[in-house]
Amino acid sequence: MCGINGIVSLQITDTHRQAVERMCKAMAHRGPDAEGIWQGERAVLGHRRLSIIDLSISANQPFQDPSGRYKLVYNGELYNYQSLKEELAPFPFQTASDTEVVLAAIIRWGEAAFARFNGMFALAFWDTQTRSLLLARDRLGIKPLYISYREQHLLFSSELRALLKSDMVSSELRPASLQDFFTYQTVHAPHTLLKEVVQLMPGEYAHWHEGTFSQHSYWHPKAPEAGQSDSKLYIQKRVSTLLTESVEKRMMSDVPLGAFLSGGIDSSAIVGLMARCSERPIHTFSIGFQEKAFDESPFALQIAKKFRTEHQQIRLSPEAMLKDLPEALAAMDNPSGDGINSYLISKYTRKAGLKVALSGLGGDEVFAGYPVFRYWHKLFQYQKWWNVSAFARKAVAGPLGPFIPGNQRNRLQEILRVGRLDLSRVYPIFRKLQLEEELANLLSLPKEVQNMPAYLLNESRTHWQELPELSKISWAEISTYTQNVLLRDADQMSMAHGLEVRVPFFDHELVSYAWGIPDEHKFPYYPKSLLVESLGDLLPKEVVHRKKMGFVFPWKDWMRNELNPFCQHHIDQLLDRNWIKADGLRKQWAAFLAGDDQVIWLQIWLMIVMNAWLEKNDL
């Protein structure tokens, strides 16, 4: 796990090397173990290393083949590198690293190598003879890669703020991305908050040659592997096998590793499978709170005892949270409404001496754990009459208003007005934090803005439209919210501490299989019933059937009390931004402080997070 960056241009100068040096320095936290820079006639490559596999200096990067023709900077882990290494014989391997296998695979197979990789990665491969660059990103977008291309030169980096430190990228904000952020608590790839920076999409590779840049897809889910003829027992056994293999592969490490343990189904399943695969006790970490309504630590402790882990519980108070908060916000490469928890658990895990942690992230998305799965399933039952009853739907939308809480009421009314019951139209409404009319009172931005989740789902329609209905939602979750919030947060917040987080539920073979499972077997009759039943007696009933709490903090109470001065500071600063409607923001903040439950705490928190990010990056 590392950080990569570089510049390719028709003519490299000392200015370009200095820019790469600044970029490396800006993300030293991603790779505290080593730094390397290589400069050629048309390329400069930079690397920061977090040593996980083959700790020797011979595995440092930028890496080159014995001839010196090919150069590689690589961020990630290749879990099947040992089997690929056997296929690549008689390549003259000099190290035991997966980096060298990645290099050899691209030399042998070119772009076709990416389809053979099982892992998480972002990479840049330079051919000194053809003077061409190849960039690639893993299938599910676990590892980030940012690009700025103009005037025949290209910059790339693992972090957005590193590109800013190059002094070769404009700091101008993209207005549509601001709208996207306050609507969905993130900016959806391929866009970023900066006008001149985009992201390489998951499952994509890109070429640069002689100033010409092109992008290509190398992966989309295959046709469903699981069919109607497969029995539920067969499907359960297949799920169990794929998840167990995924966990086992992700325990590959030359340094100590552990796991995040919240005490929920997903993290408990990962810890249980790790314990089965290991001869030594697993190190586990959880966060607990003084506020009992948010405290999952008793369940985490129950799982730790069941699997005899070396467990550490971090108990947080508002005072400790306030102390860590500025540091956590400063660690955000992208502003997010959902990353502080990952920052804190990563901080204490790294302090315990671990460099690698497995996470249960992904269980909800793959096995229908969120309420949105059930909502869509219910709506889909009305598909036959939806298109012929527009008048009835609109008539229902009005009278329902007084009986449903504000934010839910607005969301339901918007869904009932949708002309066609289509995933690309309905799903984005499920995920909206604020509706357009609400944001119009807060933001002074262009009104005609593209709805990014709808656009992304329309663009990928040919890949999801034949999936079962629950798998359509899984596709939507993973390709929008998960990739652009959860995975991004997991990366930026763990790497802020030089900690590598691995996510077994996002093994592409497991995900592809799960997408093909018929709804009748995947439907969550109780939370993630297919996953639970596939694991047999692994999880205790108390964990399976307890109320879902989520890995969250009591923000609403803290923002009104202990964190109030901190929040007020950032609200006051944000009022001076030309794209903020100051009166609207003041009114919303006052209503929140007065206890108005119509104002969701996250709506306010996004404002605070955005101002902190702008302030940190001098924007």
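The values are calculated or read from the model by the stated rules, or taken from the named source; none is laboratory data. The structure presented is a predicted model; accordingly, all values stated were derived computationally and were not measured. Backbone-built Cβ (ideal geometry, glycine too); neighbour counts: all protein chains shown. Only protein heavy atoms, including side chains, enter the accessible area calculation; ligands, DNA and RNA are left aside. Shrake-Rupley method; radii C 1.70, N 1.55, O 1.52, S 1.80 Å.
Out of residues 5 or more away from Gly203 or on other chains, whose amide H comes under 5 Å of its own, with H placed 1.01 Å from N in the peptide plane?
Arg137, Asp138, Arg139, Leu140, Gly141
Order of 485-498, 414-427, 522-535 by packing, highest average Cβ count within 10 Å first?
485-498, 522-535, 414-427
Sort segment 230-340 into rounded, prolate or oblate with this rule: let a ≥ b ≥ c be the square roots of the eigenvalues of the Cα gyration tensor; rounded if a/c is under 1.5, and if a/c is not under 1.5, prolate when a/b is larger than b/c, oblate otherwise. Numbers along the way, then the final one.
On the way: a/c = 1.87, a/b = 1.75, b/c = 1.07.
The shape class here is prolate.
Could you state how much accessible area Thr99 has, in square angstrom rounded to the nearest 10, with a 1.4 Å probe and all protein chains kept in place?
Counting only protein heavy atoms, the figure is 10 Å².
In whole percent, how big is the carbon plus sulfur part of the accessible area of the chain, probe 1.4 Å, protein atoms only?
That share works out to 50 percent.
Can you tell me the relative contact order of the chain? Whole percent, Cα pairs under 8 Å, sequence separation 6 or more.
Details: 1092 pairs, mean separation 95.5, N = 619.
So the answer I get is 15 percent.
Residue by residue through segment 534-541, what is 3J(HN,Hα) from phi via Karplus (6.51 cos²θ - 1.76 cosθ + 1.60, θ = phi - 60°)? Round to whole Hz and write x for glycine and proline.
Along segment 534-541, the couplings run 5, 8, x, 9, 4, 9, x, 4 Hz.
Counting only heavy atoms of protein chains, what accessible area per residue, in Å², does the chain have with a probe of 1.4 Å?
Here the per-residue accessible area is 39 Å².
Could you work out, for the chain, what percent of all Cα-Cα pairs fall into each 10 Å distance bin, beginning at 0 Å and stopping at the bin that holds the largest distance?
3, 16, 26, 28, 19, 7, 1, 0
Below 16 Å, Cα to Cα, which lysines can Lys305 reach? Residues fewer than 8 away in the same chain don't count.
Candidates past the 8-residue exclusion: Lys541.
Just the ratio, please: alpha-carbon radius of gyration of segment 1-101 over 2.2 N^0.38 Å, N its number of residues.
My calculation over the Cα atoms of segment 1-101 gives 1.11.
Can you give the % of DSSP beta bridges in the chain that are antiparallel, to the nearest 5?
Working: 55 of 72 bridges.
About 75 percent, rounded to the nearest 5.
Amide H to amide H under 5 Å from Gly288: which residues, 5+ apart in sequence or cross-chain, H placed 1.01 Å off N in plane?
Ile314, Arg315, Leu316
Would you please give the residues with an amide H less than 5 Å from that of Arg174, counting only those at least 5 places away or on a separate chain, with H modeled from the backbone geometry?
So Arg174 has HN proximity to Leu194, Lys195.
Would you mind classifying segment 49-121 by shape? Square roots of the alpha carbon gyration tensor eigenvalues, ordered a ≥ b ≥ c; an a/c under 1.5 is rounded, otherwise it is prolate if a/b is larger than b/c and oblate if not.
Cα axes put segment 49-121 in the rounded bin.
To the nearest 20 debye, what charge dipole does the chain have about its Cα centre, counting +1 at the Cβ of each Lys and Arg and -1 at the Cβ of each Asp and Glu?
Using only the charged Cβ atoms, the result is roughly 1080 debye.
Out of segment 142-238, which GluC sites (Glu not before Pro) are coil in DSSP terms and have no more than 12 other C-beta atoms within 10 Å?
Taking segment 142-238 and a limit of 12 other Cβ atoms within 10 Å, the loop GluC sites (Glu not before Pro) found are Glu151, Glu172, Glu210.
What accessible area, in Å² to the nearest ten, does a 1.4 Å probe give for His311?
Probe radius 1.4 Å; accessible area of His311 about 50 Å².
Which shape class applies to segment 68-181: rounded if a/c is under 1.5, otherwise prolate when a/b exceeds b/c and oblate if not, where a ≥ b ≥ c are the square roots of the Cα gyration tensor eigenvalues?
Taking the square roots of the gyration eigenvalues as a ≥ b ≥ c, segment 68-181 is prolate.
Quick check on my link table: of Lys195/Lys447; Lys143/Lys195; Lys378/Lys528; Lys306/Lys351; Lys384/Lys472; Lys547/Lys616, which ones sit more than 27 Å apart, alpha carbon to alpha carbon?
The pairs that break the limit, which is 27 Å between Cα atoms, are Lys547/Lys616.
Give me a comma-separated list of calculated 3J(HN,Hα) values for segment 39-51, in order, Karplus coefficients 6.51, -1.76, 1.60 applied at θ = phi - 60°, integers in Hz, x for any Gly or Pro.
After applying 6.51 cos²θ - 1.76 cosθ + 1.60, I find 10, x, 5, 10, 8, 10, 10, x, 8, 10, 10, 10, 6 Hz.
So for segment 428-567, taking the charge dipole from beta-carbon charges (+1 Lys/Arg, -1 Asp/Glu), which of Gly498, Gly516, Tyr526 sits furthest toward the positive end?
Tyr526
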